[in-house]
Number of protein chains: 2
Amino acid sequence: MNHFNSQTYIPQLAIDCVIFGYKEKELKVLVSKIHFKGDIYSLPSGFIFQHEGVDEAAHRILKERTGIANIFLEHYQNFGQANRTNKAIFQKIIEKNREFFESEKIIFTQADLEWLTSRFVSLGYYALVDINKVTLTKTEMDESMEWYNIHELPNLMMDHEEMVKKALKYLRLHLDTNIIVFNLLPETFIMKEVQDLYETIYEETYSRNNFQKKILDLKVLERLEKKFTGAQNKAPYLYRFKR
Amino acid sequence: MNHFNSQTYIPQLAIDCVIFGYKEKELKVLVSKIHFKGDIYSLPSGFIFQHEGVDEAAHRILKERTGIANIFLEHYQNFGQANRTNKAIFQKIIEKNREFFESEKIIFTQADLEWLTSRFVSLGYYALVDINKVTLTKTEMDESMEWYNIHELPNLMMDHEEMVKKALKYLRLHLDTNIIVFNLLPETFIMKEVQDLYETIYEETYSRNNFQKKILDLKVLERLEKKFTGAQNKAPYLYRFKR
């Protein structure tokens, strides 16, 4: 077992990642079921090595825990209330898994206990990925690492549900000014695909004309030829994101 | 002297505040000249008590260091590079002030030294205030706590200059969607006052008509009666911010 101490990691500082996944008009969130008895569900999270930057740590943690790499991962908010600790969760894990720890000869030192139950300030990161484009992995810590529909999340530990809510709010607020959304679309796409994405994320429906105007006003799209679909009159234009 | 330790404060975590001040078409930043030999200039900053939330700490630090209280103070970015430490500054302070420390019998313990020279992740907060509305104070740590024009800042310690740049970028990016700007205006105001503020912050000039349209499109202002100025024809409308 890894032992935790301030030579290795920055104490009292954690990173939690809200990874939104989009697939076929559905918005999902990546959640780990922790590999211990107790039905504990958590966002992908971890600690910051003393020798690495915080953004670097966020990318490493996400890659190690989920296999997802090379994506646009952005800090959106800190979670730093005075009473924010893992204590209750950790005690539950210890109680429910006493036999397992004994049989595996896993011993928590006093230093480990102090570390794991101390107050943590968490740096919240978020990303939005195309579920079709990522291959998930998991670690020994995870019984599973899976996508859950944003409306069907399991009961998340600590303040992780609040983290998802705040990240969704941030995502919606910054969707227009962020290129993040166009990472989810193919190289060329029709306006309907953009509208599907926006309607899924905002949970609203837009009129076709208003939506098209709003998006074209952002001035980030280049219009290409029409997409040949068979029907002669209604062929929609293809667009490409201007880099 | 205060001693620093992890019983009192969260280790390796700091808060730095970029306080923008506006007065008569000028944008300024609040800077402390540290009360030690060595010409060290710093943003108002401090550490987080173990018993307080991070936002709470930011307000307390700002109040203690500058006297400014009850303002809209927002987190905008973390500064967490791996090599981010106070070490060089602290060594300079020790060297240049050896006599003073000896005469005052100020002794840094080994624990103090380790604390002060360790890596720090800083949580960056910013605010925009009306210089006429705040009364500055300073602490024993500060030789002075003063407003500097944003283009005439002294040589700031560590990455504090980068912090100001990033905060300015953030301020500009969020000015429209943030009520912060209207805190700088009187209860009722004319469009020219809003335009002066925007032109100062963005360092651009706008045509009167385009600017008026842009601001009215934000739909946050209520139009009142005309302001009587003596000239009969050109009296401008007064506006009030809709709360």
Pick from the stretch A:73-93, criterion open to solvent by less than 40 Å² (accessible area, probe 1.4 Å) and more than 29 Å from A:T177 (Cα to Cα), ranking: nearest to the other protein chains (Cβ to nearest Cβ): A:A82
Top-ranked residue in the stretch B:36-72 [being within 14 Å of chain A (Cβ to nearest Cβ), open to solvent by 20 Å² or more (accessible area, probe 1.4 Å) and in a loop (DSSP other than H, G, I, E, B); ranked as nearest to B:S122 (Cα to Cα)]: B:Q50
So B:A127, is it farther than 27 Å from B:F20 by Cα, hydrophobic (A, V, I, L, M, F, W, C) and in contact (Cβ under 8 Å) with a residue 24 or more places away in the chain: no
Residue match in the stretch A:117-130 (condition: open to solvent by 50 Å² or more (accessible area, probe 1.4 Å) and either under 15 Å from the mean Cα position of the chain (by Cα) or at positive phi (or both)): no
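Out of the residues in the stretch A:176-192 that are of a type outside the set (A, V, I, L, M, F, W, C) and more than 22 Å from the chain's Cα centre (by Cα), which is least open to solvent (accessible area, probe 1.4 Å)?
Restricting to residues being of a type outside the set (A, V, I, L, M, F, W, C) and more than 22 Å from the chain's Cα centre (by Cα), the top hit is A:T188.
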Single residue of A:F211, A:F182, A:F189, A:F228 found to be more than 28 Å from A:G124 (Cα to Cα), of a type in the set (F, W, Y) and modelled with pLDDT under 85: A:F228
Selection status of A:A82, under 30 Å from A:E199 (Cα atoms) and among the small types (G, A, S): no
Boolean, A:L136 is assigned to a loop (DSSP other than H, G, I, E, B) and within 13 Å of the chain's Cα centre (by Cα): yes
Residue in the stretch B:6-18 that is more than 14 Å from chain A (Cβ to nearest Cβ), open to solvent by 50 Å² or more (accessible area, probe 1.4 Å) and farther than 20 Å from B:L113 by Cβ present: no
Some residue of the stretch B:147-155 being among the hydroxyl-bearing types (S, T, Y) and over 19 Å from B:I61 (Cα atoms): yes
Sole exception among (1) within 30 Å of B:A58 (Cβ to Cβ); (2) among the β-branched types (V, I, T); (3) modelled with pLDDT under 95 for A:I107, by number: (1)
Residue among B:K166, B:K234 that is within 14 Å of chain A (Cβ to nearest Cβ) and either modelled with pLDDT of 90 or more or not in a strand (DSSP E or B) (or both): B:K166
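Quick check on this structure: which one of A:D112, A:D159 is charged (D, E, K, R) and farther than 23 Å from B:E74 by Cβ?
Matching residue, one of A:D112, A:D159: A:D112.
May I ask you to verify whether A:H35 is over 19 Å from B:I10 (Cα atoms) and in contact (Cβ under 8 Å) with a residue 60 or more places away in the chain?
It is true that A:H35 is over 19 Å from B:I10 (Cα atoms) and in contact (Cβ under 8 Å) with a residue 60 or more places away in the chain.
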Scope the stretch B:97-113; condition within 17 Å of B:D39 (Cα to Cα) and part of a loop (DSSP other than H, G, I, E, B); matching residues: B:N97
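The values are calculated or read from the model by the stated rules, or taken from the named source; none is laboratory data. Worth saying up front: this structure is predicted, and the values here are computed from it rather than measured. Backbone-built Cβ (ideal geometry, glycine too); neighbour counts: all protein chains shown. Accessible surface is based on the protein model in full, side chains and every heavy atom, while ligands, DNA and RNA are left aside. Shrake-Rupley method; radii C 1.70, N 1.55, O 1.52, S 1.80 Å.
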